[in-house]
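Please read the structure below before turning to the comments.
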Amino acid sequence: MSDPESISKRQERHIPSWILLVLSFLLTIVIVAMLLPVMLVFRIYRNVLKRWIQKDLGDGVKMVSGDDSFWLQDKPENRGIINSLLKFEGQPDIERYRKAFSERLVNAPDPQRHGKKLFPKMTSYTAKIFHRYVWLPEARFDICQHVYIHPDPCLKNKSDMQCLIGEICSTPLPVNKSPWQFIILNPGQGHPECDKFHYAVFRLHHSIADGVSLVRVFLKHMVDQPSSEGSTRRFGTRHFMRKAIRAAFEGPHLLLSRLTRSADKNIVHGSRLSGVKSFSWSEPIDLELIKQIKNATGSTVNDVLVSCLASAFRRYFERYSTATPKDILAYVPVDIRPSSGKITLDNQFALVFLDLPLDEENPVETLRKTKRRMDRIKASPEPVINALAVTYCMNRLPSWLSELAFDWTAAKSSLVLSNVPGPQKKLKIASTTLESMIFWPPQRTNVGLSVSIFSYSGAVTVGASADSNIMSNPAILVDMFVSEVYRLEKTLNL
């Protein structure tokens, strides 16, 4: 047992946090001053290279922005592709879909630039020329190669569909083609929905856009009746200037702590990835129920959903692991774009890191702990710091160095968690009602698990994708998530 004198000595040795912040800020200034000549030379080199590439290859070549090129640092076992599943009413009309994509996205004119396309990425692919990523126009673009019906009609049940989606989404996108596909799936004879519904897998490389950008573009340009939903301001951009000032002092310390943090070690993280993915999703959960829970606990819809995920992971570890960790780390993409402004296909995001609490048996206590952690992130300058770090490193550092730094940081997490709010009214695309939708975000480096949450038309759907070496059946985790929602409801006596 420690005596009072030894306790007093430890307290004297404790360095106040404000001193650590100042020291890290001063150290950063010294390091930047030392590296500034090298960074200036590299910047000049990149600018000269950019002009040379554009002069040699013509105006059709555009440089890939730093935020877009972040997702081009992918690997064969972890491709940077956003995969989504859309459920539509009725039988598919392939020509209507092709016409809608052609007129509204592929060939949509830019009203501010005569003769230019509004979304040129939809007809371009990326290539690396002298260490620079560029957008090149797809030669002889054919909408039929991007929007088509899958040749396998034998979908008798959800299990068949999950297997087929796993095969499709584990396949790389065609080379030298704009990196997106809209693949229609027909339920086969014997499927309970064969005459009522059809499905489509929408695949798009993250270098084209992030999830929030896609929702905004679809609501504005792709649906039959454009909607203004999906433009609410999120915590990533609240009090931006205040957070930017704090970032100047807290940024170095936070980045250093992220780089030096130990990586998660558990049954869902650390194994070598195979590149073979499995996909699962839940049935829609009534959003009104989630709102009742958040009102009863003084939390947010996001707090409730994330806490249910934490409780689901606790159940998963209790069933399949010899030990349940106190928490597991998730990296969470956060939208940092302003609520107003031009709606286009781009990436404007920051990655924040959230420890999911797994040490509470009571789901209400898990919710309270989750809320406290989310509130700390919302009040912190972390989104601003991480967004500036991504933009600066991708634009100013050699690609091998930025890839090493971001892989090192991402590899500490067990999963990626993405929550994208969608419209709360049913939409129509090509005169066809969109019944429901779910998506699966890509993972980076050795992270083999992703969880997605999407709200649409008064319901919430959760999805999970996992590398086969990490989790053979992500449907188990999804089912546990749904069970935790209703357990939370029961605990609160709602």
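List of remarks:
- Cross-chain or 6+ apart pairs with Cβ under 7 Å, the range 161-172 first and touching a residue at least 12 places away in the same chain (Cβ under 8 Å) and under 10 Å from LYS277 (Cα atoms), then assigned to a loop (DSSP other than H, G, I, E, B) and among the β-branched types (Val, Ile, Thr): SER170/VAL276
- If you check TRP440, TRP408 for being hydrophobic (A, V, I, L, M, F, W, C) and buried (at least 23 other Cβ atoms within 10 Å of the Cβ), only one passes: TRP440.
- Boolean, THR433 is in contact with a helix residue (DSSP H, G or I) (Cβ under 7 Å, 6 or more places away or on another chain) and either part of a strand (DSSP E or B) or not hydrophobic (A, V, I, L, M, F, W, C) (or both): no
- Taken over the range 94-110, the criterion of being exposed (fewer than 15 other Cβ atoms within 10 Å of the Cβ) and in a loop (DSSP other than H, G, I, E, B) is satisfied by ASP110 alone.
- Residue within the range 208-224 that is touching a Leu at 6+ places or on another chain (Cβ under 8 Å) and either modelled with pLDDT under 90 or of a type in the set (Lys, Arg) (or both) present: no
- Matching residues in the range 424-434 - criterion: being at pLDDT 90 or above and at negative phi: LYS425, LYS426, LEU427, LYS428, ILE429, THR432, THR433, LEU434
Every residue, every condition in (1) of a type in the set (Val, Ile, Thr); (2) under 20 Å from the mean Cα position of the chain (by Cα), yes or no:
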| position | (1), (2) |
| --- | --- |
| ARG261 | no, no |
| TRP281 | no, yes |
| ASP286 | no, no |
| ASN302 | no, yes |
| VAL306 | yes, yes |
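- Filter result (surrounded by 21 or more Cβ atoms within 10 Å (Cβ to Cβ) and in a helix (DSSP H, G or I)) within the range 70-85: PHE70, TRP71
- Going through (1) of a type outside the set (A, V, I, L, M); (2) within 26 Å of ILE328 (Cβ to Cβ); (3) at pLDDT below 90 one by one, ARG396 falls short only on (2).
- Residue within the range 312-326 that is surrounded by 19 or more Cβ atoms within 10 Å (Cβ to Cβ), of a type in the set (A, V, I, L, M, F, W, C) and within 18 Å of the chain's Cα centre (by Cα) present: no
- When the residues of the range 111-132 are filtered to those that are in contact with a strand residue (DSSP E or B) (Cβ under 8 Å, 6 or more places away or on another chain) and in a strand (DSSP E or B), the one that is surrounded by the most Cβ atoms within 10 Å (Cβ to Cβ) is SER124.
- Sole exception among (1) over 15 Å from the mean Cα position of the chain (by Cα); (2) buried (at least 21 other Cβ atoms within 10 Å of the Cβ); (3) among the hydrophobic types (A, V, I, L, M, F, W, C) for LEU57, by number: (2)
Each row is one residue, and each column tells you yes or no for (1) in contact (Cβ under 8 Å) with a residue 60 or more places away in the chain; (2) over 20 Å from LEU449 (Cα atoms); (3) out of contact with any Ser or Thr (no Cβ under 8 Å at 6 or more places or on another chain).
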{"position": "GLU318", "(1), (2), (3)": "no, no, no"}
{"position": "LEU354", "(1), (2), (3)": "yes, no, yes"}
{"position": "LEU367", "(1), (2), (3)": "yes, yes, no"}
{"position": "ARG372", "(1), (2), (3)": "no, yes, yes"}
{"position": "PRO381", "(1), (2), (3)": "yes, yes, yes"}
{"position": "VAL384", "(1), (2), (3)": "yes, yes, yes"}
{"position": "VAL390", "(1), (2), (3)": "yes, yes, yes"}
{"position": "LYS412", "(1), (2), (3)": "yes, no, no"}
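- Top-ranked residue of the range 118-159 - restricted to ones that are among the charged types (D, E, K, R) and touching a helix residue (DSSP H, G or I) at 6+ places or on another chain (Cβ under 7 Å), ranked as nearest to LYS177 (Cα to Cα): GLU138
- Filter result for GLU89 (modelled with pLDDT of 95 or more and over 27 Å from the mean Cα position of the chain (by Cα)): no
The values are calculated or read from the model by the stated rules, or taken from the named source; none is laboratory data. These figures come from a predicted structure and were not determined experimentally. Please note: Cβ atoms are built from the backbone with ideal geometry, for glycine as well, and neighbour counts cover all protein chains shown.
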